[in-house]
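The values are calculated or read from the model by the stated rules, or taken from the named source; none is laboratory data. The model shown is predicted, which means the values in this text are computed figures rather than measured ones. When we count neighbours, we look across all protein chains shown, and the Cβ atoms used for this are built from the backbone with ideal geometry, even at glycine.
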Amino acid sequence: MSRIQIEGLTRRFGQVTAVDHVGIDIPDGDFLVLLGPSGCGKSTLLRMIAGLTPPSDGRILLDGRDITHIPPRDRDLAMVFQSYALYPHLTVARNIGFPLRARRRPRTEIDSRVETVTRVLGLGELLTRRPRELSGGQRQRVALARALVRDPGAFLLDEPLSNLDATLRTATRAELTELHRRLGSTFVHVTHDQVEAMTMATRIAVLNRGRLEQVGTPSEVYDAPATTFVAGFIGSPAMGLLSARLDLVDGGLYARAEGVDLPVGPGDPEDGARQVLVGVRAEHLALVAPSTAPLRGVVRLVENLGSEEVAHCLVGEARLTVRGPRPLGLAAGDSVGLTTDPEHVHLFDPGSGRRLVRTPTPVTAVQS
Amino acid sequence: MLATLAPHEAPPIVDATAVRSPRPRRVGALVPYLYLLPGLALLAVWVYRPLTQTFQISFVSWNLLPTSPARPVGLANYERLFTLPDFGSALGRTAVLILGLLPFTIVVPVVVGLLARRVRGRAATVYQGLVFAPLLVAPVAGAAVWQWLLDPRSGAVNQILGTTVNWLQEPGPAQLAIIVITGWHVLGFAVLVVAAGLAGITDDYAEAAALDGATRGQITRWITLPMLSPTLVFLLLMTVLLAAQWSFPLIDTLTHGGPAGATTNVYYLLWDYGFHSFDAGLGAAAGVIFFLGFGVIAGGLVWLSEKVSIHDN
Ligand SMILES: Nc1ncnc2c1ncn2[C@@H]1O[C@H](COP(=O)(O)OP(=O)(O)OP(=O)(O)O)[C@@H](O)[C@H]1O
Ligand SMILES: [Mg+2]
């Protein structure tokens, strides 16, 4: 049972700032997913929580206790490595029992704990094998068992599913979620896979180049991305973004650009003539007759996803994607007209990339 | 009307190789052996031929002079070998030499290697250079310097220790000196081998163990050393097989196997038989016996190293 608080955590490697002033409060029992592209500093952040990489700056609190300079073995955290790091010279049983052996627990207690954990994870037949005699999925489970065996305050998982095939990954995802529900412990799970993040997390923290872009529930992050980076990173196909100028006509705002004349809802006089980035998700775009459509463009490519089709369209300079049931009735080169509801339009500040939200007072950039 | 979908059928593959004449393929199969040929030829000329000749010479009596005839004597050389007292005592001294060298080839390198992992950057390079340097000194040149250092009257060793030992002329001290100088010489090599072995163990294991609650000592005992054991068995094998050879140039320069045979090990003994006593048959017989004995030991150690080697994934 642990709450993890991170304050202004920074790590520099020479010129590179791998993690840049990250602050997150992870309440007890949370399943936090650290999501971001490769090289954004997810592993570095997780390793700092684990105590394997000393931070350059900032603090980490575990249940209110400052653990920034406490060695890993005194942190009461368990970690599953991306490589699993199973001790190759020890049998599965010895691997799983290792954390208890290191803590000098009596033999009988170790045996019974190992027995319980292996029963839960269905590893019974593998106990006398060595890691090299296991499949990737079995290794992953042994690594998990080794983390589970001593009931730690929190679990740190560094891309534990990335070495598994698609089917096994889906199954393991569900199992991890179930495990989290049953244990009620805090989980911090690193991944670059947005599906993993959306399906498993109670909250997602999106990282980009070492900076925290947004923390929120999966629906918050999907429905109200705080920055253009989050908007583009989460969702498949990625949200299309086009730059436009706002125009106020009869109290209603219109986004205008080449091929674009899109109503985006009511507005105030201060909003007129403002440059914005307009984002619409593929599933919120509908096809209409090209002549009168608010968004007019040309189809560049149509992808078949089986149940649906995705059409990539060029509207002015920008790429927008439309998604709909098969067949969409579009082919490359067709002129296309698109429309959407004003409530599904996301507006971003072109300079900072931050989301623009409606406030009772004039529209301003969100502060976070 | 409903008809079942015809199963997918790949078009037949036209076998491109079948069209070609079979000759090139046979040459192709020979290619690897052709590459091996120069190496095999060298082995045959420089290793297998002398080995066979050693076997042959061990059954004759010959004084190494090309003009004098080699007289077949059957097993007489072997009988003589086992009745001479030198043989057993040389074996005993070889065992002492091997045991004496083990601290230099295993214990110190492991300690140095583990400590060196805490040194990073430029300092680590300097440190490794210092440890490795003795290996670059030619054994005979090193021996000359040591002879000077070990001089009973003006040598630095006696001055520093405050002793008056005649290092190279008294049996016990002479053997000790040979062991220490040989150890000093091969230490760098052993440290390098251990460093390579340690570098091959990823940090992941130590990090996982640290998170699992293991102390530094536990990580060393339970993770690092077991994973290093194939390297240690390799060093043990090297020490057992090569100790006598490593010490040979030093013995030949410093003590000539003396005083009173106190530093004569098996390798020096067979050389002595052959090239000092000009008893080629006896030297060859000793060579054959040592070859077989070391072969058995090497086989055992190779088996052991297979057993302890960890296939990291
Ligand atoms: N030990 C190190 N020395 C120097 N630079 C490092 C070190 N570790 C990480 N970095 C750099 O820090 C940045 C973040 O690395 P990190 O491993 O945290 O990325 P990541 O988000 O985990 O990526 P991935 O998804 O590929 O695992 C990268 O630019 C990387 O090159
Ligand atoms: Mg990583």
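Screening B:LEU282 against (1) more than 14 Å from every other protein chain (Cβ to nearest Cβ); (2) farther than 18 Å from B:PHE82 by Cβ; (3) buried (at least 22 other Cβ atoms within 10 Å of the Cβ) leaves a single unmet condition, (2). Within 16 Å of ligand 2 (Cβ to nearest atom) and buried (at least 22 other Cβ atoms within 10 Å of the Cβ) - does that describe any residue in segment A:163-175? No, because not a single residue in segment A:163-175 is within 16 Å of ligand 2 (Cβ to nearest atom) and buried (at least 22 other Cβ atoms within 10 Å of the Cβ).
Given the criteria farther than 15 Å from A:VAL336 by Cα and either outside the structural domain of A:VAL206 (by TED's automatic domain parsing) or touching a helix residue (DSSP H, G or I) at 6+ places or on another chain (Cβ under 9 Å) (or both), does A:GLU308 qualify?
Taking the combined requirement at face value, the residue satisfies it.
Taking the criterion of being more than 13 Å from every other protein chain (Cβ to nearest Cβ), surrounded by fewer than 18 Cβ atoms within 10 Å (Cβ to Cβ) and among the charged types (D, E, K, R), no residue of segment A:130-152 qualifies.
Quick check: is even one residue across segment A:262-272 free of Cβ contacts under 8 Å to residues at least 60 places away in the same chain, surrounded by 18 or more Cβ atoms within 10 Å (Cβ to Cβ) and outside any helix (DSSP H, G or I)? I'd like the intermediate steps shown before the answer.
Just the residues of segment A:262-272 that are free of Cβ contacts under 8 Å to residues at least 60 places away in the same chain, to begin with: A:266, A:269, A:272.
When the remaining residues are screened for being surrounded by 18 or more Cβ atoms within 10 Å (Cβ to Cβ), the result is none.
Within segment A:262-272, none of the residues are free of Cβ contacts under 8 Å to residues at least 60 places away in the same chain, surrounded by 18 or more Cβ atoms within 10 Å (Cβ to Cβ) and outside any helix (DSSP H, G or I).
Somewhere in segment A:186-205, is a residue within 16 Å of ligand 2 (Cβ to nearest atom), assigned to a helix (DSSP H, G or I), under 22 Å from A:ILE234 (Cα atoms) and small (Gly, Ala, Ser)?
Pass one, segment A:186-205, residues within 16 Å of ligand 2 (Cβ to nearest atom): A:188-194, A:196-197, A:205.
Retained after the next criterion (residues that are assigned to a helix (DSSP H, G or I)): A:194, A:196-197.
Those left that are additionally under 22 Å from A:ILE234 (Cα atoms): A:194, A:196-197.
This time we only want the ones that are small (Gly, Ala, Ser), so: A:197.
For segment A:186-205, residues within 16 Å of ligand 2 (Cβ to nearest atom), assigned to a helix (DSSP H, G or I), under 22 Å from A:ILE234 (Cα atoms) and small (Gly, Ala, Ser): present.
Screening B:ALA116 with (1) exposed (fewer than 12 other Cβ atoms within 10 Å of the Cβ); (2) more than 26 Å from B:ALA244 (Cα to Cα) gives one miss only, at (1). Selection over segment A:280-294 of residues that are among the hydrophobic types (A, V, I, L, M, F, W, C) and surrounded by fewer than 18 Cβ atoms within 10 Å (Cβ to Cβ) gives a count of 4. Screening segment A:1-112 for strands (runs of 3 or more DSSP E) wholly inside it with 2 or more residues that are within 16 Å of ligand 2 (Cβ to nearest atom) and within 14 Å of another protein chain (Cβ to nearest Cβ) returns the ranges A:77-80.
Please enumerate the residues belonging to segment A:215-236 that are modelled with pLDDT of 90 or more, part of a loop (DSSP other than H, G, I, E, B) and farther than 11 Å from A:ARG355 by Cβ.
Our first condition is that a residue be modelled with pLDDT of 90 or more; within segment A:215-236, this holds for A:215-234.
With the extra rule that they be part of a loop (DSSP other than H, G, I, E, B), the set shrinks to A:217, A:224-226, A:234.
Hits for segment A:215-236 are A:THR217, A:ILE234.
Can A:ARG59 be described as assigned by TED's automatic domain parsing to the domain that holds A:LEU34, in contact with a strand residue (DSSP E or B) (Cβ under 8 Å, 6 or more places away or on another chain) and touching a residue at least 40 places away in the same chain (Cβ under 8 Å)? It is true that A:ARG59 is assigned by TED's automatic domain parsing to the domain that holds A:LEU34, in contact with a strand residue (DSSP E or B) (Cβ under 8 Å, 6 or more places away or on another chain) and touching a residue at least 40 places away in the same chain (Cβ under 8 Å). Annotation note: of A:ARG103, A:ARG94, A:ARG59, the sole residue that is more than 16 Å from ligand 1 (Cβ to nearest atom), charged (D, E, K, R) and touching a Phe, Trp or Tyr at 6+ places or on another chain (Cβ under 9 Å) is A:ARG94.
Among the residues of segment B:132-169, those that are surrounded by 15 or more Cβ atoms within 10 Å (Cβ to Cβ) and more than 26 Å from B:THR94 (Cα to Cα) comprise B:GLY155, B:ASN158. The set of residues from segment A:313-332 being of a type in the set (Gly, Ala, Ser) and either surrounded by fewer than 19 Cβ atoms within 10 Å (Cβ to Cβ) or free of Cβ contacts under 8 Å to residues at least 40 places away in the same chain (or both) comprises A:GLY316, A:GLY324, A:GLY329, A:ALA331, A:ALA332.
Return yes or no: is A:SER185 surrounded by fewer than 16 Cβ atoms within 10 Å (Cβ to Cβ), in contact (Cβ under 8 Å) with a residue 24 or more places away in the chain and among the polar types (S, T, N, Q)? Considered against the rule, which asks whether it is surrounded by fewer than 16 Cβ atoms within 10 Å (Cβ to Cβ), in contact (Cβ under 8 Å) with a residue 24 or more places away in the chain and among the polar types (S, T, N, Q), A:SER185 comes out as no.
When A:VAL33, A:VAL92, A:VAL16 are screened for being more than 19 Å from the chain's Cα centre (by Cα), among the hydrophobic types (A, V, I, L, M, F, W, C) and more than 30 Å from B:LEU228 (Cα to Cα), only A:VAL16 passes.
Residues in segment A:70-91 that are free of Cβ contacts under 8 Å to residues at least 12 places away in the same chain and more than 16 Å from ligand 1 (Cβ to nearest atom): 1 in all. B:ASP203 falls short on exactly one of the conditions (1) crowded, with 19+ Cβ neighbours inside 10 Å; (2) out of contact with any Phe, Trp or Tyr (no Cβ under 6 Å at 6 or more places or on another chain); (3) modelled with pLDDT of 80 or more, and that condition is (1). For segment B:209-229, the count of residues that are under 17 Å from the mean Cα position of the chain (by Cα) and within 14 Å of chain A (Cβ to nearest Cβ) is nonzero.
Quick check, is A:SER335 touching a helix residue (DSSP H, G or I) at 6+ places or on another chain (Cβ under 9 Å), surrounded by fewer than 20 Cβ atoms within 10 Å (Cβ to Cβ) and of a type in the set (S, T, N, Q)?
Working: touching a helix residue (DSSP H, G or I) at 6+ places or on another chain (Cβ under 9 Å): yes; surrounded by fewer than 20 Cβ atoms within 10 Å (Cβ to Cβ): yes; of a type in the set (S, T, N, Q): yes.
In short, yes.
Looking at B:PHE248, B:PHE278, B:PHE290, B:PHE294, just one residue is among the aromatic types (Phe, Trp, Tyr), in a loop (DSSP other than H, G, I, E, B) and out of contact with any Gly (no Cβ under 7 Å at 6 or more places or on another chain), and that residue is B:PHE278. Per the conditions (1) assigned by TED's automatic domain parsing to the domain that holds A:ARG354; (2) over 17 Å from A:VAL357 (Cα atoms); (3) crowded, with 19+ Cβ neighbours inside 10 Å; (4) at pLDDT 90 or above, the sole criterion not satisfied by A:VAL276 is (2).
Which count do you get for residues in segment B:170-180 that are surrounded by fewer than 23 Cβ atoms within 10 Å (Cβ to Cβ) and in a helix (DSSP H, G or I)?
Narrowing segment B:170-180 to residues surrounded by fewer than 23 Cβ atoms within 10 Å (Cβ to Cβ): B:170-173, B:175-176, B:179-180.
Now drop any that are not in a helix (DSSP H, G or I), which leaves B:171-173, B:175-176, B:179-180.
So the count comes out to 7.
For the structure I just gave you, tell me whether A:SER185 is among the small types (Gly, Ala, Ser) and within 16 Å of ligand 1 (Cβ to nearest atom). No, not satisfied.
Between B:PRO66, B:PRO50, B:PRO103, B:PRO38, which is closer than 24 Å to B:PHE234 by Cβ and either at pLDDT 85 or above or part of a loop (DSSP other than H, G, I, E, B) (or both)?
Details: B:PRO66 fails: closer than 24 Å to B:PHE234 by Cβ; B:PRO50 fails: closer than 24 Å to B:PHE234 by Cβ; B:PRO38 fails: closer than 24 Å to B:PHE234 by Cβ.
The match here is B:PRO103.
The residues in segment A:248-261 that are surrounded by fewer than 16 Cβ atoms within 10 Å (Cβ to Cβ) and either β-branched (Val, Ile, Thr) or within 18 Å of A:ARG354 (Cα to Cα) (or both) can be counted, and the count is 1.
Every residue in segment A:143-163 that is within 16 Å of ligand 1 (Cβ to nearest atom) and in a loop (DSSP other than H, G, I, E, B), please. Walk me through it before giving the result.
Taking segment A:143-163 as the starting set, the residues that turn out to be within 16 Å of ligand 1 (Cβ to nearest atom) are A:156-163.
Those that are within 16 Å of ligand 1 (Cβ to nearest atom) and in a loop (DSSP other than H, G, I, E, B): A:GLU159, A:PRO160, A:LEU161, A:SER162, A:ASN163.
A:ILE24 passes every criterion in (1) without any contact (Cβ under 8 Å) to a residue 12 or more places away in the chain; (2) within 15 Å of the chain's Cα centre (by Cα) apart from (1).
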